[in-house]
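*Asks:* Pasting a structure below so you can have a look.
The values are calculated or read from the model by the stated rules, or taken from the named source; none is laboratory data. Quick caveat: nothing in here was measured; it's all calculated off a predicted structure. Counting neighbours? That spans all protein chains shown, and the Cβs are built from the backbone with ideal geometry, glycine included.
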Amino acid sequence: MNSYDSLRIADALQEAGYKAAISMADANVVVFNTCSIREKADEKLFSDLGRARLQKLQAQIAENNFIIVVTGCVAQSQSEDIARRAPYVDIIAGPQEIHKITEDIKNFEKNNRVIRTESDAKNKFLHLTNQFFNREVSEFLTIQEGCDNFCTYCVVPYTRGREFSRDAADIITEAKRLLAMNVKEIILLGQNVNSYRGIGADGKTWDLSRLIFALADLNGLKRLRYTTSNPKDVNENIAKAHGEVDILMPFVHLPVQSGSDAVLQRMNRKYSADEYEKCIDLLRNHRSDITFSSDFIVGFPGETDEDFQKTLNLAEKIKFAQAYSFKYSPRPGTAAEKMPNQVPEEKKSERLQILQKMLNDQQSSFNNSCVGRHLNVLVTKCGRHKNQLVGRSEYSQPVAICDSYLNIGDIANVKITAAMSHSLVGVVM
Ligand code: 5AD
Ligand code: SF4
(Lines give C-alpha, C1' and ligand atoms only; values in the text may rest on other atoms or scores of the structure.)
(Ligands and ions follow the chains in the order given, each with its own letter.)
Protein backbone atom coordinates (compact mmCIF):
# COMPACT_ATOMS: atom_id res chain seq x y z
CA MET A 1 0.00 0.00 0.00
CA ASN A 2 2.94 2.31 0.60
CA SER A 3 4.06 1.67 -2.99
CA TYR A 4 0.63 2.72 -4.20
CA ASP A 5 0.59 5.82 -1.97
CA SER A 6 4.11 6.75 -3.11
CA LEU A 7 3.04 6.67 -6.75
CA ARG A 8 0.10 8.92 -6.01
CA ILE A 9 2.34 11.35 -4.11
CA ALA A 10 4.72 11.33 -7.08
CA ASP A 11 1.79 11.99 -9.47
CA ALA A 12 0.76 15.06 -7.47
CA LEU A 13 4.33 16.38 -7.38
CA GLN A 14 4.78 15.78 -11.09
CA GLU A 15 1.49 17.53 -11.84
CA ALA A 16 2.79 20.51 -9.86
CA GLY A 17 5.90 20.64 -12.04
CA TYR A 18 8.40 18.63 -10.00
CA LYS A 19 10.58 16.04 -11.71
CA ALA A 20 12.01 12.83 -10.30
CA ALA A 21 15.65 13.15 -9.21
CA ILE A 22 18.12 10.38 -9.87
CA SER A 23 19.38 10.39 -6.30
CA MET A 24 18.97 12.33 -3.08
CA ALA A 25 22.09 14.34 -3.96
CA ASP A 26 20.22 15.80 -6.97
CA ALA A 27 16.99 16.53 -5.11
CA ASN A 28 15.43 19.62 -3.56
CA VAL A 29 12.70 17.62 -1.91
CA VAL A 30 12.87 14.16 -0.39
CA VAL A 31 9.79 12.25 0.75
CA PHE A 32 10.19 9.22 3.04
CA ASN A 33 7.13 7.00 2.96
CA THR A 34 7.48 4.86 6.07
CA CYS A 35 6.22 1.56 7.41
CA SER A 36 5.83 0.67 11.08
CA ILE A 37 4.59 -2.89 10.81
CA ARG A 38 7.74 -4.20 12.54
CA GLU A 39 10.41 -2.49 14.57
CA LYS A 40 13.10 -2.91 11.92
CA ALA A 41 11.06 -0.93 9.40
CA ASP A 42 10.73 2.11 11.61
CA GLU A 43 14.35 2.05 12.76
CA LYS A 44 15.27 2.35 9.10
CA LEU A 45 13.62 5.77 8.95
CA PHE A 46 16.00 7.28 11.46
CA SER A 47 19.08 5.97 9.66
CA ASP A 48 17.73 7.30 6.34
CA LEU A 49 16.98 10.65 7.98
CA GLY A 50 20.60 10.88 9.13
CA ARG A 51 21.68 10.80 5.47
CA ALA A 52 19.06 13.38 4.51
CA ARG A 53 20.27 15.68 7.26
CA LEU A 54 23.79 15.71 5.81
CA GLN A 55 22.32 16.49 2.42
CA LYS A 56 20.32 19.33 3.91
CA LEU A 57 23.42 20.81 5.55
CA GLN A 58 25.23 20.75 2.20
CA ALA A 59 22.23 22.35 0.48
CA GLN A 60 22.16 25.08 3.11
CA ILE A 61 25.83 25.88 2.51
CA ALA A 62 25.09 26.15 -1.22
CA GLU A 63 21.97 28.20 -0.37
CA ASN A 64 19.71 25.64 -2.03
CA ASN A 65 16.34 24.46 -0.84
CA PHE A 66 16.12 21.00 0.64
CA ILE A 67 12.77 20.01 2.09
CA ILE A 68 12.44 16.78 4.05
CA VAL A 69 9.03 15.15 4.24
CA VAL A 70 8.16 12.09 6.31
CA THR A 71 4.87 10.35 5.58
CA GLY A 72 3.36 6.89 6.14
CA CYS A 73 2.63 4.99 9.30
CA VAL A 74 5.70 6.09 11.31
CA ALA A 75 4.75 9.71 10.63
CA GLN A 76 1.29 8.93 11.96
CA SER A 77 2.27 7.09 15.12
CA GLN A 78 5.52 8.84 16.02
CA SER A 79 5.11 12.39 14.79
CA GLU A 80 6.31 13.87 18.08
CA ASP A 81 9.24 11.52 18.27
CA ILE A 82 10.30 12.44 14.72
CA ALA A 83 9.95 16.15 15.46
CA ARG A 84 12.09 15.75 18.59
CA ARG A 85 14.75 13.36 17.27
CA ALA A 86 14.96 14.90 13.78
CA PRO A 87 14.13 18.61 14.15
CA TYR A 88 15.39 19.19 10.60
CA VAL A 89 12.34 17.34 9.17
CA ASP A 90 10.03 19.94 7.60
CA ILE A 91 6.76 18.15 6.91
CA ILE A 92 5.30 15.19 8.80
CA ALA A 93 2.10 13.76 7.28
CA GLY A 94 0.25 10.56 8.21
CA PRO A 95 -0.91 8.13 5.49
CA GLN A 96 -4.34 9.75 5.20
CA GLU A 97 -2.79 13.17 4.65
CA ILE A 98 -0.72 12.45 1.56
CA HIS A 99 -2.99 14.58 -0.65
CA LYS A 100 -1.75 17.70 1.19
CA ILE A 101 1.97 17.08 0.76
CA THR A 102 2.40 18.90 -2.56
CA GLU A 103 0.61 21.98 -1.27
CA ASP A 104 2.65 21.90 1.94
CA ILE A 105 5.88 21.70 -0.04
CA LYS A 106 4.82 24.59 -2.26
CA ASN A 107 3.86 26.69 0.78
CA PHE A 108 6.88 25.69 2.77
CA GLU A 109 8.62 28.49 4.61
CA LYS A 110 11.85 27.89 6.44
CA ASN A 111 11.55 26.71 10.03
CA ASN A 112 7.82 26.40 9.78
CA ARG A 113 7.25 22.74 10.36
CA VAL A 114 3.90 21.18 9.41
CA ILE A 115 2.56 18.14 11.26
CA ARG A 116 -0.59 16.48 9.96
CA THR A 117 -2.01 13.35 11.54
CA GLU A 118 -5.72 13.47 10.72
CA SER A 119 -7.17 10.13 9.78
CA ASP A 120 -9.76 10.13 7.00
CA ALA A 121 -9.10 7.89 4.01
CA LYS A 122 -12.28 9.05 2.26
CA ASN A 123 -11.08 12.63 2.18
CA LYS A 124 -7.72 11.54 0.83
CA PHE A 125 -9.20 9.76 -2.16
CA LEU A 126 -11.43 12.73 -2.92
CA HIS A 127 -8.44 15.04 -3.11
CA LEU A 128 -5.64 13.01 -4.67
CA THR A 129 -4.91 14.04 -8.24
CA ASN A 130 -6.44 11.96 -11.02
CA GLN A 131 -3.55 12.77 -13.30
CA PHE A 132 -1.41 9.62 -13.50
CA PHE A 133 2.18 9.41 -14.75
CA ASN A 134 4.62 6.49 -15.19
CA ARG A 135 2.63 3.32 -14.76
CA GLU A 136 3.98 -0.17 -15.48
CA VAL A 137 2.37 -3.33 -16.81
CA SER A 138 1.22 -4.46 -13.39
CA GLU A 139 -0.10 -1.90 -10.92
CA PHE A 140 -1.76 -1.70 -7.54
CA LEU A 141 -5.17 -0.14 -7.00
CA THR A 142 -6.25 0.54 -3.41
CA ILE A 143 -9.93 -0.33 -2.94
CA GLN A 144 -10.07 -0.51 0.83
CA GLU A 145 -7.97 0.98 3.57
CA GLY A 146 -7.59 0.75 7.32
CA CYS A 147 -8.60 -2.06 9.59
CA ASP A 148 -11.14 -2.76 12.34
CA ASN A 149 -9.80 -6.16 13.29
CA PHE A 150 -7.31 -5.20 15.98
CA CYS A 151 -5.13 -8.27 15.81
CA THR A 152 -3.28 -7.86 19.09
CA TYR A 153 0.21 -7.62 17.52
CA CYS A 154 -0.67 -5.15 14.79
CA VAL A 155 -0.23 -1.42 14.58
CA VAL A 156 -2.25 -0.87 11.38
CA PRO A 157 -5.62 -0.01 13.01
CA TYR A 158 -3.80 2.76 14.89
CA THR A 159 -1.94 4.15 11.89
CA ARG A 160 -4.22 3.68 8.86
CA GLY A 161 -7.35 4.13 10.94
CA ARG A 162 -10.80 2.57 10.62
CA GLU A 163 -11.80 0.42 7.69
CA PHE A 164 -12.96 2.36 4.64
CA SER A 165 -14.05 1.04 1.22
CA ARG A 166 -13.95 3.24 -1.86
CA ASP A 167 -17.03 3.50 -4.08
CA ALA A 168 -17.02 0.90 -6.87
CA ALA A 169 -17.53 3.60 -9.53
CA ASP A 170 -14.32 5.38 -8.41
CA ILE A 171 -12.41 2.12 -8.52
CA ILE A 172 -13.71 1.28 -12.00
CA THR A 173 -12.81 4.79 -13.24
CA GLU A 174 -9.31 4.39 -11.83
CA ALA A 175 -8.98 0.94 -13.41
CA LYS A 176 -9.96 2.40 -16.80
CA ARG A 177 -7.39 5.15 -16.34
CA LEU A 178 -4.73 2.49 -15.70
CA LEU A 179 -5.83 0.45 -18.72
CA ALA A 180 -5.58 3.55 -20.91
CA MET A 181 -1.93 3.70 -19.78
CA ASN A 182 -1.35 0.13 -21.00
CA VAL A 183 -1.57 -1.51 -17.60
CA LYS A 184 -2.48 -5.17 -18.08
CA GLU A 185 -2.63 -6.48 -14.55
CA ILE A 186 -4.35 -4.81 -11.59
CA ILE A 187 -3.73 -5.88 -8.02
CA LEU A 188 -6.60 -4.75 -5.80
CA LEU A 189 -5.27 -3.62 -2.46
CA GLY A 190 -6.62 -3.41 1.03
CA GLN A 191 -5.50 -4.29 4.53
CA ASN A 192 -8.64 -6.41 4.57
CA VAL A 193 -9.40 -6.58 0.90
CA ASN A 194 -11.98 -9.34 1.13
CA SER A 195 -14.07 -7.43 3.63
CA TYR A 196 -14.53 -4.78 0.93
CA ARG A 197 -18.02 -3.27 1.18
CA GLY A 198 -18.30 -0.37 -1.26
CA ILE A 199 -21.24 1.43 -2.78
CA GLY A 200 -21.80 0.01 -6.27
CA ALA A 201 -22.85 1.79 -9.44
CA ASP A 202 -26.39 0.56 -8.72
CA GLY A 203 -26.42 2.19 -5.26
CA LYS A 204 -26.21 -1.21 -3.56
CA THR A 205 -23.36 -2.44 -1.39
CA TRP A 206 -20.91 -4.53 -3.38
CA ASP A 207 -18.57 -7.12 -1.92
CA LEU A 208 -15.18 -7.99 -3.39
CA SER A 209 -16.54 -10.69 -5.69
CA ARG A 210 -19.12 -8.30 -7.18
CA LEU A 211 -16.37 -5.77 -7.83
CA ILE A 212 -14.18 -8.44 -9.42
CA PHE A 213 -16.98 -9.49 -11.77
CA ALA A 214 -17.46 -5.84 -12.82
CA LEU A 215 -13.73 -5.21 -13.36
CA ALA A 216 -13.37 -8.43 -15.35
CA ASP A 217 -15.64 -6.91 -18.02
CA LEU A 218 -13.26 -4.03 -18.71
CA ASN A 219 -11.60 -4.03 -22.12
CA GLY A 220 -7.88 -4.62 -22.05
CA LEU A 221 -7.63 -5.99 -18.50
CA LYS A 222 -5.71 -9.25 -18.73
CA ARG A 223 -5.18 -10.13 -15.09
CA LEU A 224 -6.67 -9.38 -11.68
CA ARG A 225 -5.31 -10.16 -8.24
CA TYR A 226 -6.22 -8.97 -4.78
CA THR A 227 -4.35 -8.74 -1.51
CA THR A 228 -4.45 -9.06 1.52
CA SER A 229 -7.30 -11.29 2.65
CA ASN A 230 -8.17 -12.23 6.17
CA PRO A 231 -9.16 -15.90 6.38
CA LYS A 232 -12.17 -15.02 8.54
CA ASP A 233 -13.69 -13.13 5.60
CA VAL A 234 -13.15 -15.77 2.90
CA ASN A 235 -16.59 -16.82 1.64
CA GLU A 236 -18.41 -18.75 -1.06
CA ASN A 237 -18.76 -15.61 -3.25
CA ILE A 238 -15.03 -15.05 -3.59
CA ALA A 239 -14.48 -18.78 -4.13
CA LYS A 240 -17.07 -18.68 -6.94
CA ALA A 241 -15.31 -15.70 -8.51
CA HIS A 242 -12.15 -17.83 -8.63
CA GLY A 243 -14.12 -20.55 -10.39
CA GLU A 244 -15.78 -18.24 -12.91
CA VAL A 245 -13.49 -15.29 -13.67
CA ASP A 246 -10.70 -16.39 -16.02
CA ILE A 247 -8.57 -13.32 -15.46
CA LEU A 248 -8.64 -13.73 -11.66
CA MET A 249 -5.27 -15.35 -11.00
CA PRO A 250 -5.11 -18.68 -9.14
CA PHE A 251 -2.75 -17.44 -6.45
CA VAL A 252 -4.03 -16.06 -3.15
CA HIS A 253 -2.14 -14.48 -0.28
CA LEU A 254 -3.87 -15.75 2.84
CA PRO A 255 -1.93 -14.97 6.03
CA VAL A 256 -2.38 -17.64 8.69
CA GLN A 257 0.11 -16.23 11.26
CA SER A 258 0.07 -19.38 13.44
CA GLY A 259 -1.17 -22.96 13.39
CA SER A 260 -2.02 -23.01 17.09
CA ASP A 261 -5.59 -22.19 18.12
CA ALA A 262 -4.43 -20.85 21.48
CA VAL A 263 -2.01 -18.43 19.78
CA LEU A 264 -4.57 -17.47 17.13
CA GLN A 265 -7.01 -16.65 19.91
CA ARG A 266 -4.50 -14.47 21.74
CA MET A 267 -3.73 -12.81 18.41
CA ASN A 268 -7.48 -12.08 18.07
CA ARG A 269 -7.50 -13.56 14.58
CA LYS A 270 -11.08 -14.91 14.96
CA TYR A 271 -10.46 -18.23 13.15
CA SER A 272 -9.00 -21.59 14.15
CA ALA A 273 -6.38 -23.62 12.30
CA ASP A 274 -9.18 -25.90 11.22
CA GLU A 275 -11.21 -23.03 9.80
CA TYR A 276 -8.13 -21.80 7.94
CA GLU A 277 -7.78 -25.20 6.29
CA LYS A 278 -11.48 -25.08 5.37
CA CYS A 279 -10.90 -21.74 3.55
CA ILE A 280 -8.11 -23.35 1.56
CA ASP A 281 -10.36 -26.30 0.70
CA LEU A 282 -13.23 -24.00 -0.32
CA LEU A 283 -11.01 -22.09 -2.73
CA ARG A 284 -9.40 -25.28 -4.05
CA ASN A 285 -12.86 -26.77 -4.66
CA HIS A 286 -13.72 -23.90 -6.97
CA ARG A 287 -10.35 -23.63 -8.69
CA SER A 288 -8.36 -26.82 -8.46
CA ASP A 289 -4.99 -25.34 -9.48
CA ILE A 290 -5.12 -22.47 -6.98
CA THR A 291 -1.97 -21.93 -4.91
CA PHE A 292 -1.37 -19.97 -1.74
CA SER A 293 1.12 -17.76 -0.05
CA SER A 294 0.96 -16.81 3.58
CA ASP A 295 2.38 -14.75 6.43
CA PHE A 296 3.63 -16.31 9.66
CA ILE A 297 4.64 -14.79 12.97
CA VAL A 298 6.87 -16.87 15.26
CA GLY A 299 7.50 -16.16 18.91
CA PHE A 300 4.20 -14.46 19.66
CA PRO A 301 3.88 -13.98 23.48
CA GLY A 302 3.24 -17.30 25.20
CA GLU A 303 4.03 -19.41 22.08
CA THR A 304 5.25 -22.80 23.37
CA ASP A 305 7.22 -25.46 21.52
CA GLU A 306 3.91 -27.32 21.04
CA ASP A 307 2.26 -24.22 19.59
CA PHE A 308 5.15 -23.77 17.18
CA GLN A 309 4.95 -27.46 16.20
CA LYS A 310 1.30 -26.87 15.26
CA THR A 311 2.40 -24.08 12.92
CA LEU A 312 4.87 -26.47 11.29
CA ASN A 313 2.16 -29.13 11.01
CA LEU A 314 -0.21 -26.71 9.31
CA ALA A 315 2.42 -25.54 6.83
CA GLU A 316 3.39 -29.14 6.12
CA LYS A 317 -0.22 -30.01 5.35
CA ILE A 318 -1.07 -27.05 3.13
CA LYS A 319 2.15 -26.70 1.15
CA PHE A 320 2.51 -23.03 0.31
CA ALA A 321 3.82 -21.85 -3.04
CA GLN A 322 5.40 -18.86 -1.31
CA ALA A 323 5.46 -17.41 2.21
CA TYR A 324 6.72 -14.59 4.39
CA SER A 325 7.65 -15.25 8.00
CA PHE A 326 8.63 -12.87 10.75
CA LYS A 327 9.77 -12.83 14.35
CA TYR A 328 7.10 -11.26 16.52
CA SER A 329 8.01 -7.61 17.04
CA PRO A 330 6.31 -5.78 19.93
CA ARG A 331 4.66 -2.61 18.66
CA PRO A 332 3.93 0.37 20.89
CA GLY A 333 0.28 0.71 21.88
CA THR A 334 -0.79 -2.81 20.80
CA ALA A 335 -2.34 -5.31 23.23
CA ALA A 336 0.31 -7.99 22.68
CA GLU A 337 3.11 -5.65 23.70
CA LYS A 338 1.90 -5.92 27.29
CA MET A 339 1.17 -9.67 27.27
CA PRO A 340 3.08 -11.91 29.68
CA ASN A 341 5.55 -14.61 28.58
CA GLN A 342 7.30 -12.69 25.83
CA VAL A 343 9.47 -15.18 23.93
CA PRO A 344 13.25 -14.66 24.13
CA GLU A 345 14.92 -13.37 20.97
CA GLU A 346 17.09 -16.52 20.54
CA LYS A 347 14.01 -18.73 20.66
CA LYS A 348 12.31 -16.57 18.03
CA SER A 349 15.37 -16.79 15.77
CA GLU A 350 15.60 -20.55 16.23
CA ARG A 351 11.92 -21.06 15.32
CA LEU A 352 12.10 -18.66 12.39
CA GLN A 353 15.02 -20.58 10.93
CA ILE A 354 13.18 -23.90 11.19
CA LEU A 355 9.98 -22.51 9.68
CA GLN A 356 11.79 -20.66 6.90
CA LYS A 357 13.63 -23.80 5.90
CA MET A 358 10.35 -25.65 5.55
CA LEU A 359 8.70 -22.79 3.63
CA ASN A 360 11.69 -22.37 1.32
CA ASP A 361 11.68 -26.10 0.59
CA GLN A 362 7.96 -25.89 -0.21
CA GLN A 363 8.55 -22.99 -2.57
CA SER A 364 11.41 -24.83 -4.30
CA SER A 365 9.38 -27.95 -4.68
CA PHE A 366 6.43 -26.02 -6.12
CA ASN A 367 8.79 -24.29 -8.55
CA ASN A 368 10.37 -27.63 -9.48
CA SER A 369 6.92 -29.09 -10.12
CA CYS A 370 6.44 -26.40 -12.79
CA VAL A 371 9.36 -27.62 -14.92
CA GLY A 372 8.00 -29.12 -18.14
CA ARG A 373 4.65 -27.39 -17.70
CA HIS A 374 3.32 -24.57 -19.86
CA LEU A 375 2.49 -21.45 -17.84
CA ASN A 376 0.95 -18.18 -18.88
CA VAL A 377 3.44 -15.41 -18.33
CA LEU A 378 2.75 -11.69 -18.38
CA VAL A 379 5.89 -9.99 -19.67
CA THR A 380 6.68 -7.10 -17.33
CA LYS A 381 10.21 -5.93 -18.15
CA CYS A 382 13.53 -6.58 -19.88
CA GLY A 383 15.85 -9.03 -18.17
CA ARG A 384 19.47 -8.53 -17.19
CA HIS A 385 20.79 -10.52 -20.15
CA LYS A 386 20.61 -9.81 -23.85
CA ASN A 387 17.37 -11.02 -25.48
CA GLN A 388 15.93 -11.86 -22.10
CA LEU A 389 12.56 -10.75 -20.82
CA VAL A 390 11.08 -11.18 -17.39
CA GLY A 391 7.48 -11.76 -16.47
CA ARG A 392 5.18 -13.29 -13.90
CA SER A 393 3.40 -16.61 -14.08
CA GLU A 394 -0.24 -16.87 -13.03
CA TYR A 395 1.13 -18.10 -9.68
CA SER A 396 3.18 -14.91 -9.39
CA GLN A 397 6.55 -16.59 -9.91
CA PRO A 398 9.12 -14.44 -11.74
CA VAL A 399 9.91 -16.13 -15.07
CA ALA A 400 12.94 -15.31 -17.24
CA ILE A 401 12.17 -15.90 -20.91
CA CYS A 402 15.06 -16.37 -23.31
CA ASP A 403 15.31 -15.62 -27.01
CA SER A 404 11.80 -14.50 -27.68
CA TYR A 405 10.20 -11.79 -29.76
CA LEU A 406 7.66 -10.83 -27.17
CA ASN A 407 6.84 -7.32 -26.04
CA ILE A 408 6.33 -5.96 -22.57
CA GLY A 409 2.63 -6.35 -21.76
CA ASP A 410 2.21 -9.57 -23.80
CA ILE A 411 0.90 -12.73 -22.24
CA ALA A 412 2.75 -15.75 -23.53
CA ASN A 413 2.44 -19.47 -23.21
CA VAL A 414 5.85 -20.37 -21.83
CA LYS A 415 7.37 -23.81 -21.45
CA ILE A 416 9.22 -23.91 -18.13
CA THR A 417 12.69 -25.38 -18.60
CA ALA A 418 14.31 -24.78 -15.21
CA ALA A 419 13.46 -23.76 -11.68
CA MET A 420 15.44 -21.77 -9.12
CA SER A 421 14.32 -21.42 -5.53
CA HIS A 422 12.52 -18.13 -6.18
CA SER A 423 12.07 -17.99 -9.94
CA LEU A 424 11.67 -19.95 -13.17
CA VAL A 425 13.23 -20.01 -16.63
CA GLY A 426 11.27 -20.75 -19.77
CA VAL A 427 11.02 -20.60 -23.54
CA VAL A 428 8.19 -19.63 -25.85
CA MET A 429 7.18 -22.58 -28.00
N1 5AD B 1 5.47 -8.52 14.47
C2 5AD B 1 5.80 -9.37 13.47
N3 5AD B 1 5.12 -9.46 12.33
C4 5AD B 1 4.04 -8.66 12.18
N5 5AD B 1 3.17 -8.51 11.17
C6 5AD B 1 2.27 -7.57 11.50
N7 5AD B 1 2.55 -7.08 12.72
C8 5AD B 1 3.64 -7.75 13.17
C9 5AD B 1 4.40 -7.69 14.36
N10 5AD B 1 4.08 -6.88 15.35
C11 5AD B 1 3.22 -9.33 9.97
C12 5AD B 1 1.96 -10.21 9.83
C13 5AD B 1 1.21 -9.54 8.71
C14 5AD B 1 2.35 -8.97 7.88
C15 5AD B 1 1.97 -7.87 6.96
O16 5AD B 1 3.26 -8.49 8.83
O17 5AD B 1 2.37 -11.51 9.47
O18 5AD B 1 0.40 -10.42 7.98
FE1 SF4 C 1 -3.25 -5.86 11.17
FE2 SF4 C 1 -4.92 -7.89 11.68
FE3 SF4 C 1 -5.83 -5.68 10.45
FE4 SF4 C 1 -4.16 -7.36 9.12
S5 SF4 C 1 -6.24 -7.87 9.87
S6 SF4 C 1 -4.03 -5.09 9.20
S7 SF4 C 1 -2.83 -8.08 10.77
S8 SF4 C 1 -5.05 -5.80 12.54
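*Asks:* Counting only residues that are buried (at least 18 other Cβ atoms within 10 Å of the Cβ), of a type in the set (S, T, Y) and away from ligand 1 (no atom under 16 Å from the Cβ), which one in segment 175-224 is nearest to V252 (Cα to Cα)?
*Replies:* Result: S209.
*Asks:* What single numbered condition from (1) hydrophobic (A, V, I, L, M, F, W, C); (2) over 24 Å from the mean Cα position of the chain (by Cα); (3) under 14 Å from K184 (Cβ atoms); (4) not in a strand (DSSP E or B) fails to hold for A412?
*Replies:* Evaluating A412 over (1) hydrophobic (A, V, I, L, M, F, W, C); (2) over 24 Å from the mean Cα position of the chain (by Cα); (3) under 14 Å from K184 (Cβ atoms); (4) not in a strand (DSSP E or B) leaves (4) as the failure.
*Asks:* Could you list all residues from segment 138-156 that are surrounded by 21 or more Cβ atoms within 10 Å (Cβ to Cβ), in a loop (DSSP other than H, G, I, E, B) and of a type outside the set (G, A, S)?
*Replies:* Scanning segment 138-156 gives I143, C147, C151, Y153, C154, V155.
*Asks:* I'd like the residue in segment 257-274 that is small (G, A, S) and within 15 Å of ligand 1 (Cβ to nearest atom) and, out of all such residues, is farthest from the chain's Cα centre (by Cα).
*Replies:* Result: S260.
*Asks:* Of the residues G161, G146, only one is in contact with a Lys or Arg (Cβ under 6 Å, 6 or more places away or on another chain) and within 16 Å of ligand 2 (Cβ to nearest atom); which? Explain how you work it out, then say what you get.
*Replies:* Details: G161 fails: in contact with a Lys or Arg (Cβ under 6 Å, 6 or more places away or on another chain).
Matching residue, one of G161, G146: G146.
One line per residue, one yes/no per condition, for (1) under 22 Å from L224 (Cα atoms); (2) in contact (Cβ under 8 Å) with a residue 12 or more places away in the chain; (3) of a type in the set (G, A, S); (4) surrounded by 13 or more Cβ atoms within 10 Å (Cβ to Cβ):
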{"residue": "M358", "(1), (2), (3), (4)": "no, yes, no, yes"}
{"residue": "N376", "(1), (2), (3), (4)": "yes, yes, no, yes"}
{"residue": "R384", "(1), (2), (3), (4)": "no, no, no, no"}
{"residue": "L389", "(1), (2), (3), (4)": "yes, yes, no, yes"}
{"residue": "S393", "(1), (2), (3), (4)": "yes, yes, yes, yes"}
{"residue": "N407", "(1), (2), (3), (4)": "yes, yes, no, no"}
{"residue": "M420", "(1), (2), (3), (4)": "no, yes, no, yes"}
{"residue": "G426", "(1), (2), (3), (4)": "no, yes, yes, yes"}
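*Asks:* Please work out if S329 is surrounded by 15 or more Cβ atoms within 10 Å (Cβ to Cβ), without any contact (Cβ under 8 Å) to a residue 60 or more places away in the chain, within 16 Å of ligand 2 (Cβ to nearest atom) and not in a helix (DSSP H, G or I).
*Replies:* Values: surrounded by 15 or more Cβ atoms within 10 Å (Cβ to Cβ): yes; without any contact (Cβ under 8 Å) to a residue 60 or more places away in the chain: no; within 16 Å of ligand 2 (Cβ to nearest atom): yes; not in a helix (DSSP H, G or I): yes.
In short, no.
*Asks:* Take the conditions within 16 Å of ligand 1 (Cβ to nearest atom) and assigned to a helix (DSSP H, G or I) and apply them to A41. Does it pass? Steps first, please.
*Replies:* Values: within 16 Å of ligand 1 (Cβ to nearest atom): yes; assigned to a helix (DSSP H, G or I): yes.
When the stated conditions are applied, A41 passes them.
*Asks:* Continuing with this model, one more query. Mind checking whether some residue in segment 360-381 is over 30 Å from D261 (Cβ atoms) and touching a His at 6+ places or on another chain (Cβ under 8 Å)?
*Replies:* So in segment 360-381, the residues over 30 Å from D261 (Cβ atoms) come out as 367-381.
Then drop every residue that is not touching a His at 6+ places or on another chain (Cβ under 8 Å), which leaves 367.
For segment 360-381, residues over 30 Å from D261 (Cβ atoms) and touching a His at 6+ places or on another chain (Cβ under 8 Å): present.
*Asks:* Kindly list the number of the only condition in (1) outside any helix (DSSP H, G or I); (2) out of contact with any helix residue (DSSP H, G or I) (no Cβ under 6 Å at 6 or more places or on another chain); (3) crowded, with 17+ Cβ neighbours inside 10 Å that fails for N64.
*Replies:* Just one mismatch for N64, condition (3).
*Asks:* Can you tell which of F320, F308, F300, F296 is more than 16 Å from ligand 2 (Cβ to nearest atom), within 26 Å of N194 (Cβ to Cβ) and crowded, with 17+ Cβ neighbours inside 10 Å? First the steps, then the outcome.
*Replies:* Details: F308 fails: within 26 Å of N194 (Cβ to Cβ); F300 fails: more than 16 Å from ligand 2 (Cβ to nearest atom); F296 fails: more than 16 Å from ligand 2 (Cβ to nearest atom).
Going through F320, F308, F300, F296 in turn, just one is more than 16 Å from ligand 2 (Cβ to nearest atom), within 26 Å of N194 (Cβ to Cβ) and crowded, with 17+ Cβ neighbours inside 10 Å: F320.
*Asks:* Could I ask something else about it? Would you be able to tell me the number of residues in segment 106-136 that are away from ligand 2 (no atom under 16 Å from the Cβ) and either among the acidic types (D, E) or surrounded by 20 or more Cβ atoms within 10 Å (Cβ to Cβ) (or both)? Step through it out loud before you land on a result.
*Replies:* Within segment 106-136, the subset away from ligand 2 (no atom under 16 Å from the Cβ) is 106-118, 120, 122-136.
Next, only the ones that are either among the acidic types (D, E) or surrounded by 20 or more Cβ atoms within 10 Å (Cβ to Cβ) (or both) stay: 109, 118, 120, 124, 136.
Here the count works out to 5.
*Asks:* For the list (1) within 16 Å of ligand 2 (Cβ to nearest atom); (2) closer than 23 Å to Y395 by Cα; (3) in contact (Cβ under 8 Å) with a residue 60 or more places away in the chain, I need the number of the one condition that T152 fails.
*Replies:* Every listed condition holds for T152 apart from (2).
*Asks:* To continue, here is another question. Just to verify a result, which residue in segment 386-412, among those that are at pLDDT 95 or above and of a type in the set (S, T, N, Q), is farthest from L221 (Cα to Cα)?
*Replies:* Filtering first and then ranking leaves Q397.
*Asks:* While we're looking at this one, here's another question. With the checklist (1) within 30 Å of D246 (Cα to Cα); (2) more than 16 Å from ligand 1 (Cβ to nearest atom); (3) not hydrophobic (A, V, I, L, M, F, W, C) in hand, flag the one item S294 doesn't pass.
*Replies:* Failing condition for S294: (2).
*Asks:* Check off (1) out of contact with any helix residue (DSSP H, G or I) (no Cβ under 7 Å at 6 or more places or on another chain); (2) touching a residue at least 24 places away in the same chain (Cβ under 8 Å); (3) more than 27 Å from G146 (Cα to Cα) for A25 and give me the number that stays unchecked.
*Replies:* Condition not satisfied by A25: (1).
*Asks:* Can you tell me which residues in segment 49-73 are more than 16 Å from ligand 2 (Cβ to nearest atom) and touching a strand residue (DSSP E or B) at 6+ places or on another chain (Cβ under 6 Å)? Explain how you work it out, then say what you get.
*Replies:* Of the residues in segment 49-73, the ones more than 16 Å from ligand 2 (Cβ to nearest atom) are 49-71.
Those that are more than 16 Å from ligand 2 (Cβ to nearest atom) and touching a strand residue (DSSP E or B) at 6+ places or on another chain (Cβ under 6 Å): A52, I67, I68, V69, V70, T71.
*Asks:* Further question on the same structure: Please enumerate the residues belonging to segment 149-169 that are more than 16 Å from ligand 1 (Cβ to nearest atom), farther than 16 Å from D207 by Cβ and in contact with a helix residue (DSSP H, G or I) (Cβ under 7 Å, 6 or more places away or on another chain).
*Replies:* G161
*Asks:* Then there is this: When S258 is evaluated against the numbered criteria (1) at positive phi; (2) buried (at least 22 other Cβ atoms within 10 Å of the Cβ); (3) of a type outside the set (A, V, I, L, M), which criterion, by number, is the only one it fails?
*Replies:* (1)
*Asks:* Related question: Counting just the residues of segment 319-349 that are in contact with a helix residue (DSSP H, G or I) (Cβ under 9 Å, 6 or more places away or on another chain) and more than 16 Å from ligand 1 (Cβ to nearest atom), which one comes out farthest from Q265 (Cα to Cα)?
*Replies:* Here the answer is A321.
Here is a yes/no grid of residues against (1) at pLDDT below 95; (2) over 20 Å from L189 (Cβ atoms):
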residue: S6; (1), (2): no, no
residue: V30; (1), (2): no, yes
residue: N33; (1), (2): no, no
residue: S47; (1), (2): yes, yes
residue: E97; (1), (2): yes, no
residue: K100; (1), (2): yes, yes
